[in-house]
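Just below is one structure, and these are the notes that go with it.
Laboratory data are not the source of any read-out in this text; all were calculated from the coordinates shown. What you see is a predicted model, and the numbers here were worked out from it, not measured in a lab. Because the Cβ atoms are built from the backbone with ideal geometry, glycine has one as well, and the counts that use them run over all protein chains shown.
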Amino acid sequence: MHIELDQKSVNKARTDIEAIKNEVGKIIVGQERVIDTFIKGLLCDGNIMLEGVPGIAKTLLIRALAAVTSCKFNRIQFTADLLPTDITGIVAYEPKKGFYTVKGPIFSNFILADEINRAPGKSQSALLEAMQERQVTIGRETFLLERPFFVLATLNPIETFGTYPLPEAQIDRFLFKIFMDYPTKKEEVGILKKNIDLKEFVDFKLRPVISSTEIIHLQESVQKVYLAEEIENYIIELVNATRKPLDYKIRLGKYIKYGSSPRASIGLYVASKANALMKGKTFVTPQDIKDVAYDIFRHRLILNYEGQAEGIKPEDFITELLLKVPVP
């Protein structure tokens, strides 16, 4: 039985979300779309992969979000010599104390997995297991991770030397993949004035505007946003069209080797609800699906060799996909 979300709850949620954005805006200049997507991912209880050049405030943004939501933050710098136990923790022994557990940096609310593709697959898997299961096993003991739990994994698009490719099955576990671009000239003037490199983080005096418990309540509110049966069918048609694009007369479909997994359907379902809630609505419309489609599909489409040679981008296919699949 679906529990209806009343407009009063939606208005409260929107007020909380705006408070988060305004407080983060004290330290982050521009990047409104990225901030919105971060919040959307948090509301969905999902994780995000972010690609962007160095120095555009990726670390600062997630650190600021953690500060204004009363959450704990840890950064894990992925390197070639990083071990799984460097992420999860170890079982140690002292003669007087006996065996005891030393928990790793994964035990936090907000995790920045910086340059995740610089670590070998075994270390990547340690993080991804925590993301999927929301628990960590150290020795013979299993520990549940504290909620909310949010992972931002970053990729550096410039350097490829000394990196390990992320398997498609692991990439699929991220709800969104987004790009963070350079600021505009006007925004960069604001960056010069704020200049975080010359100030301490505490100097910006970010205040918590929402508690971790309230974040969990917002996640529960997302689940209550109404999504009609015809919208469900629209989601299924979109995902099916990535697998059988020629059936939908999608011209760029010939460049797609593999379409999206059922995780794309689930992602569209929950992300469209979060998108509707952020807009102050109690129900999902086809436009909400379109608003999140690029971030959901971008990393779930595998191009064939011809597509790679032609320089086709997943975004090109997604644009045609949204045009060709009938809207209910």
*Give the long-range amide H neighbours of ILE210: residues separated by 5 or more places, or on another chain, with amide H under 5 Å away, using H modelled in the peptide plane at 1.01 Å from N.*
SER70
_From phi via Karplus (6.51, -1.76, 1.60), per-residue ³J(HN,Hα) for segment 17-22 in Hz, x at Gly/Pro_ = 5, 5, 5, 4, 5, 5
*Given the pairs LYS177/LYS273; LYS290/LYS324; LYS224/LYS324; LYS40/LYS177; LYS40/LYS193, which are separated by over 20 angstrom at their Cα positions?*
LYS224/LYS324; LYS40/LYS193
*Label point 7 Å beyond Cα of ASP181 along Cβ direction - residues of segment 13-31 with amide nitrogen under 15 Å*: 30-31
_Restricting to DSSP loop positions (anything but H, G, I, E, B) with no more than 16 other Cβ atoms inside 10 Å of their own Cβ, which trypsin sites (Lys or Arg not before Pro) remain in segment 80-156?_
LYS96, LYS97, ARG134, ARG140
*Which of the trypsin sites (Lys or Arg not before Pro) found in segment 218-293 are in a DSSP loop and have at most 10 neighbouring Cβ atoms, other than their own, within 10 Å?*
LYS249
*For the pair ILE236 and TYR305, how long in nm is the line joining their label points, each one 7 Å along Cα→Cβ?*
3.7
*Hz values of 3J(HN,Hα) by residue in segment 205-222 - Karplus curve (6.51, -1.76, 1.60), Gly and Pro given as x*: 6, 5, 10, x, 10, 7, 9, 4, 5, 5, 4, 5, 5, 5, 4, 5, 5, 4
_Residue-wise HN-Hα coupling along segment 74-82, computed from phi with Karplus coefficients 6.51, -1.76, 1.60 (Hz; x: Gly, Pro)_ = 9, 10, 10, 8, 7, 9, 5, 9, 5
*What trypsin sites (Lys or Arg not before Pro) does segment 1-87 have in DSSP loop regions with at most 15 other beta carbons within 10 Å?*
LYS26, LYS72
_Antiparallel DSSP beta bridges within the chain, as percent of all bridges there, nearest 5_ = 40
*If amide H atoms are built 1.01 Å from N in the plane of the peptide, which residues on other chains or at least 5 residues away come under 5 Å of the amide H of TYR226?*
LEU5, PHE283, VAL284
